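Step one of this worksheet: look at the structure below.
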Amino acid sequence: MKRQKSFEKTGAALYLVATPIGNLEEMTPRAIAVLKQVDVIAAEDTRNTRKLLTHFDIHTKLIAHHKYNEAASTHGLLELLDAGKSIALVSDAGYPLISDPGERITKAVIDAGYPVIPISGANAMLNALVASGLVTQPFLFYGFLPSHTKEQMKELQLLREYPQTLIFYEAPHRMEKTLDNMLTVFGDRECCLARELTKRHEEFLRGQISEIRDVCETLRGEMVLVVSGYQKEKDQALDMPAIYARIDRYINEGCSSKEAIKKAATECGISKNELYKQYHEQLNS
Ligand code: SAM
């Protein structure tokens, strides 16, 4: 066991500093003070962070720490701590480590016995969750789903019977497809799409997955998706109309009906023979 008293000593420490997710007024006085006091700021993107520092008149030395140089940079940052220096880690927006780099250095610093001190601030998922109108606890923050349909459907199947409210980050150009996949695996659950949080065009779309899927092509900006968790009474049955629509789409894209059924059955984790039977029954009904 390791015990850390964050305020016992000054000097070598790693500060994990949250920065605004759009609205600069959400930069806290404590975050500004820490960024001014530390010896070095390690940033995901030094150009972005430079703008933030300029705005708040912060002149601390800035170095790059991102997923492509994480190993080498972690080594260098540990050497700085060994020399008694203090470091702040920031990402482009919100908390470092939350769908952003920082896990490796945090673990290495803890292992090396230096304090790791979080500095509170803005974060997209919590803003989306608390304003979603859905059950707030328990929740599961997933972050970004895999972008390819096959892997994404696999993950969604794993999540299908989780009772927790689910929170995802997603790129705007992938949102429609992701909602379509969720509709197939989860059924038409309640959800909330929160976009451009803390910015001028902040907007919440609260409704069924299908309703939001139908309009999301027109939406731009940064997005968080909050989806209600599995409810035994409501979600037991698979959403067969969504699965049939999926088969029809694959047929329209050029698959034979056999191939389309096989593909949809694999993606939805159901029996190919059973789906074949049900699909043809509904065609003939
Ligand atoms: N570290 C950040 C945090 O603490 O929230 C998340 C960084 S992650 C690379 C970027 C994703 O976060 C975006 O694609 C979007 O899903 C979400 N995000 C960030 N800022 C947002 C905002 N202002 N409104 C909505 N979503 C946002």
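Scanning the stretch 90-136 for residues that are more than 15 Å from the ligand (Cβ to nearest atom) and without any contact (Cβ under 8 Å) to a residue 12 or more places away in the chain, which turns out nearest to M223 (Cα to Cα)?
Applying the filter and picking the extreme gives K107.
Condition test on K150, is it farther than 28 Å from N23 by Cα, of a type in the set (D, E, K, R) and in contact with a helix residue (DSSP H, G or I) (Cβ under 8 Å, 6 or more places away or on another chain)?
It is true that K150 is farther than 28 Å from N23 by Cα, of a type in the set (D, E, K, R) and in contact with a helix residue (DSSP H, G or I) (Cβ under 8 Å, 6 or more places away or on another chain).
Only one residue in L225, L197, L205, L219 is free of Cβ contacts under 8 Å to residues at least 24 places away in the same chain, crowded, with 16+ Cβ neighbours inside 10 Å and closer than 23 Å to Y169 by Cα. Which one?
From the options L225, L197, L205, L219, the qualifying one is L205.
Among the candidates A43, A18, which residue alone is in contact with a His (Cβ under 8 Å, 6 or more places away or on another chain), at pLDDT 95 or above and within 16 Å of the ligand (Cβ to nearest atom)?
A43
Yes/no matrix, rows are residues, columns are (1) within 28 Å of L140 (Cβ to Cβ); (2) over 35 Å from the mean Cα position of the chain (by Cα):
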site	(1), (2)
L238	yes, no
I243	yes, no
C255	no, no
I261	no, no
C268	yes, no
K272	no, no
H280	no, yes
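I'm trying to understand the selection: among the residues of the stretch 200-229, which are within 16 Å of the ligand (Cβ to nearest atom) and basic (K, R)?
Answer for the stretch 200-229, where residues must be within 16 Å of the ligand (Cβ to nearest atom) and basic (K, R): R200, R206, R220.
Please go through the stretch 183-199 and give me each residue that is outside any strand (DSSP E or B), near the ligand (Cβ under 9 Å from one of its atoms) and on the phi < 0 side of the Ramachandran plot, ordered by number.
Of everything in the stretch 183-199, those that are outside any strand (DSSP E or B), near the ligand (Cβ under 9 Å from one of its atoms) and on the phi < 0 side of the Ramachandran plot turn out to be L197, K199.
Give the number of residues within the stretch 59-112 that are surrounded by 20 or more Cβ atoms within 10 Å (Cβ to Cβ), at negative phi and part of a loop (DSSP other than H, G, I, E, B).
6
The values are calculated or read from the model by the stated rules, or taken from the named source; none is laboratory data. Worth saying up front: this structure is predicted, and the values here are computed from it rather than measured. Neighbour counts run over all protein chains shown; Cβ positions are idealised from the backbone, glycine included.
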